[in-house]
1. Which members of region 133-150 meet the condition of being under 20 Å from the mean Cα position of the chain (by Cα) and in a loop (DSSP other than H, G, I, E, B)?
2. Lys61: more than 26 Å from Gln138 (Cβ to Cβ), charged (D, E, K, R), surrounded by 13 or more Cβ atoms within 10 Å (Cβ to Cβ) and without any contact (Cβ under 8 Å) to a residue 60 or more places away in the chain, yes or no?
3. Residue check: is Glu53 closer than 15 Å to Ile6 by Cα, among the acidic types (Asp, Glu), under 11 Å from the mean Cα position of the chain (by Cα) and modelled with pLDDT of 85 or more?
4. Which ones in region 104-132 are part of a helix (DSSP H, G or I), within 30 Å of Leu2 (Cβ to Cβ) and in contact with a helix residue (DSSP H, G or I) (Cβ under 9 Å, 6 or more places away or on another chain)?
5. Has region 64-79 got at least one residue that is modelled with pLDDT under 85 and in a helix (DSSP H, G or I)?
6. Can you tell me which residues in region 34-50 are farther than 19 Å from Gly133 by Cα and either β-branched (Val, Ile, Thr) or at pLDDT 90 or above (or both)?
7. Could you list, in sequence order, the residues of region 43-88 that are aliphatic (A, V, I, L, M) and within 19 Å of Leu28 (Cα to Cα)?
8. Under 30 Å from Glu8 (Cβ atoms), crowded, with 17+ Cβ neighbours inside 10 Å and not assigned by TED's automatic domain parsing to the domain that holds Ile6 - does that describe any residue in region 106-120?
Amino acid sequence: MLKDNIQEDLKQAMLSKEEEKLSTIRMLKSALQYFEIQKGGAGYSATDEDVIEVVGREIKKRRESIEMFEKGGRQELADKEKRELVTLEKYLPEQLSEEEIRTLVDEAISQTGATSIQDMGKVMGSLMPKTKGKADGQLVSSIVREKLGV
């Protein structure tokens with residue numbers, strides 16, 4: 001189970017004294033515990049799908065921070081966020097390539113009969129279950145916009 005892998009990686013980071021990795025994994029564990037409490041109280045245990053959702057949120061936060069730090073000229077902070085991102089990405093399933101995403105978008109457009117940007121919600125609705133945790137939502141969205149002619 002993914003949650004067990006995170007706990008094991010936490011132990012390994014402690015033993016090898018990898019401070020940055022340790023703090024990233026602790027932050028992830030904290031986010032998971034918060035998620036579990038929000039979802040079902042003290043007795044709830046996160047499933048692998050829940051873990052992937054939480055990791056995805058944390059990755060999104062890192063990407064946004066990297067962008068902001070780079071715009072603000074704070075490269076050392078952007079680099080730290082990038083290292084955290086690498087640690088977090090280990091817990092996601094293998095990511096879809098852009099070509100695979102494009103194929104899924106084409107299939108979703110033909111299945112939903114989408115013809116314009118007004119149909120974007122229908123297309124994204126059918127795509128998200130297929131791409132959740134396996135592709136960056138912004139990339140999927142930009143490909144859908146491109147295909148629908150925006």
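The values are calculated or read from the model by the stated rules, or taken from the named source; none is laboratory data. Computed from a prediction, not measured in an experiment: that's the story for all the values here. So basically every Cβ, Gly included, is an ideal-geometry build from the backbone, and we count neighbours across all protein chains shown.
1. The answer is Gly133, Lys134, Ala135, Asp136.
2. On the way: more than 26 Å from Gln138 (Cβ to Cβ): no; charged (D, E, K, R): yes; surrounded by 13 or more Cβ atoms within 10 Å (Cβ to Cβ): yes; without any contact (Cβ under 8 Å) to a residue 60 or more places away in the chain: yes.
Judged against the criteria, Lys61 is not a match.
3. Criteria met by Glu53.
4. Leu104, Val105, Glu107, Ala108, Val123, Met124, Gly125, Ser126, Leu127, Met128, Lys130, Thr131
5. Step one: list which residues in region 64-79 are modelled with pLDDT under 85, which gives none.
Within region 64-79, not a single residue is modelled with pLDDT under 85 and in a helix (DSSP H, G or I).
6. Tyr34, Ile37
7. Ala46, Val51, Ile52, Val54, Val55, Ile59, Ile66, Leu77, Ala78, Leu85, Val86, Leu88
8. The answer is no; no qualifying residue exists.
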